[in-house]
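Accompanying notes for the structure given below.
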Amino acid sequence: MKTGEVQLIAEASSTRRASVRGSLWLGGLLAFGAALVLTATAAPTFGRQSTPPTNLSGSPIPGVKCVIGLEDIKPGAKGTLASLPDGLEFTAGKKKADIAISSIQDVFTGQESRQDVGGMSGTLVKAAIPYGGGRVVSLFSHNVDVLDVEYMDSNGGFHGAIFVLSAGKATALKNQLVAQGAKVSPHLDAPGPKGEKP
């Protein structure tokens, strides 16, 4: 009986090994197939070239903040900025302000980082988080573009309007204003602090 038992145990263990080997092979084949499908569907996405956002003439840019510089518009007003064939138009509620292309003396763009947590409620939230955790709330920031337009009014007065736009829109708007005939002087980047290597 002992030889029969050994023979049965050997056959059972070889059957288990074969089933485990088959399961592993099938699992590996399934994982390979899933990876192949994911790679094939992701390839067209990675191959696309991203195009910078453009602002067609007359298409408005909503959510723009006019920091300062427009007559009849309160500082810090949020509204819509549109590039028209004859200039810029900022609309905040029922009030509108126009800047003619011919009156634009210079246009500057820049990128800034803005924190959305501020004011009395932001200060209270930061103070309510124990162990100095409120400082972490201040880290939630996002990049924005700044557009500065220097222009002359109808009386010959020199003005500057500063707009805060969502990221990636100021340069396209500046290029469009230049294409329409706005004057722009060459701008130089400020050098970094001494000892800093590029």
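Taken together, the values in this text are just the output of simple stated rules run on the coordinates, not laboratory data. Owing to the predicted nature of the structure, the values given are computational and were not obtained by experimental measurement. For neighbour counting, all protein chains shown are included, and Cβ atoms are generated from backbone atoms with ideal geometry for every residue, glycine included.
Could you list Phe108, Phe163, Phe158 so that the one with the fewest beta carbons within 10 Å of its beta carbon is first and the one with the most is last?
Fewest-to-most ranking of Phe108, Phe163, Phe158: Phe158, Phe108, Phe163.
Sort Ile68, Ile61, Ile162, Ile99 so the one with the fewest other Cβ atoms within 10 Å of its own Cβ comes first.
So the ranking, lowest neighbour count to highest, is Ile68, Ile162, Ile61, Ile99.
Can you tell me the length gained on complete extension of the stretch Gln105 to Ser19, counting 0.36 nm per residue apart and subtracting the Cα distance?
22.9 nm is the gain from fully extending Gln105 to Ser19.
Provide the packing ranking of 145-157, 81-93, i.e. peptides ordered by the mean count of other C-beta atoms within 10 Å per residue, highest first.
Top to bottom by mean Cβ count within 10 Å: 81-93, 145-157.
How much length is gained on full extension from Ser154 to Val178, taking 0.36 nm per residue of separation minus their Cα-Cα distance?
Contour length minus Cα-Cα distance gives 6.6 nm.
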